[in-house]
1. If R0 is 45 Å, what FRET efficiency do you get for E126 and E197 from their C-beta distance, rounded to 0.05?
2. From zero up to wherever the largest Cα-Cα distance of the chain sits, split into 20 Å bins and tell me the percent of pairs in each.
3. Could you state the angle between the C-alpha long axis of helix 197-217 and the longest principal axis of the C-alpha atoms of the chain, as a value from 0 to 90 degrees rounded to the nearest 10?
4. Please list, ordered by chain and number, the residues whose modelled amide H lies under 5 Å from the amide H of F296; skip anything fewer than 5 residues away on the same chain.
5. With everything on Cα atoms, drop me the angle between helix 273-286 and the longest principal axis of the chain, reported from 0 to 90° to the nearest 10.
6. Ranking request for peptides 6-17, 202-213: highest mean number of other beta-carbon atoms within 10 Å first, then the rest in descending order.
7. Anyone know which of D53, D284, D143 comes out most mobile in the 10 Å Cα GNM of the chain?
8. What is the Cα radius of gyration of the range 150-305 over 2.2 N^0.38 Å, N being its residue count?
Amino acid sequence: MKLTFWGVRGSIPCPGPQTVRYGGNTPCLEVRFADLPRIVVIDAGSGIRELGDSLMSRGIPWHSTRVDIFLSHTHWDHIQGLPFFTPIYLPGAELRIYGPVTFEARSLKETLGTVLSYRYFPVRQEELSARIAYCDIKEGDFDLGDGLRLRTKYLNHPVLCLGYRFEYRGKVLCTAFDTEPFRNFFCTDPDDPNYDERLHREGDEAAREANRSLERFYQNADLLIYDSQYTRAEYEQGKMGWGHSSCEYAIDAAIRSGVKRLALFHHDPRRTDAQLDQMALVMDAYARGADLHVFFAREGTALEL
């Protein structure tokens, strides 16, 4: 597997001189397979526009190449680039778009169709020229054919969100964004009139098991790409419940799970290149001594698994 980062920011695109080295596009990853006529794309943030331009320059035989797009969820920063992905306008191109079934009574196709409507965009979903299949998926285990397997896992985010685990020829790629640690939502203060010791214990155990289950999901991954929008101090000082994790938590979880490489991802849009450089030094020191390679994801970086 060969992975390329086309967008690594969270929340909103942030182009400019302060973000040029790490990149300002929102999430999009490309996974290629040297011996397979298929391309896997994870999320359709603003970075997917440049991915589409790159694909168009490669001389790809679209009649025999399939593109599978896996959306972690349908928040705006993870789908906003889809209308600008050139292959959806190509007659003869075949795409499948996968995404989680949400709590709403609307399919993935209907949800994305809202974006691709005249109210928000000049081209309607019905006017796209490519052959597009929309696949609503849940937590589970899937055979994608050609020896490629996929496991999905629900994450902890304000809208239903999936983590992905791709397995191919003994190599494992995992994604866990957008997510934050599960925690006990019952009252934990014994002096509070609403405190219930039994609920407190049960809530603690439920949160621990949910976090352990997620760590088992990316156990021994060759590469884990993990939401790390905040530092631990930032997270604890007002960011709990926003659906994003701290760099320190991502590192700790990766170490516990025996992950080989950890890409810190979904950078805060206010974070400058200089700040990310400084954070990289801090997190290198934090992970020192562990058998784990930690790095901050950069737009344009390509990795071999």
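1. Values: r = 57 Å, r/R0 = 1.27.
Given R0 = 45 Å and the Cβ-Cβ separation, E is 0.20.
2. Per 20 Å bin, starting at zero, the Cα-Cα P(r) for the chain comes out as 33, 57, 10, 0 percent.
3. Relative to the chain, helix 197-217 is tipped by roughly 40 degrees.
4. Amide H neighbours of F296, under 5 Å, 5+ apart: L264.
5. Orientation of helix 273-286: about 50 degrees from the principal axis.
6. For the peptides 6-17, 202-213, the packing ranking is 6-17, 202-213.
7. Evaluated over the chain, the most mobile residue of the options is D143.
8. Details: Rg = 16.6 Å, N = 156, 2.2 N^0.38 = 15.0 Å.
Here the answer is 1.11, to two decimals.
Each value in this text was obtained by applying a stated rule to the coordinates, not by laboratory testing. All of these numbers come straight from a predicted model, not from anything done at the bench. Please note: Cβ atoms are built from the backbone with ideal geometry, for glycine as well, and neighbour counts cover all protein chains shown.
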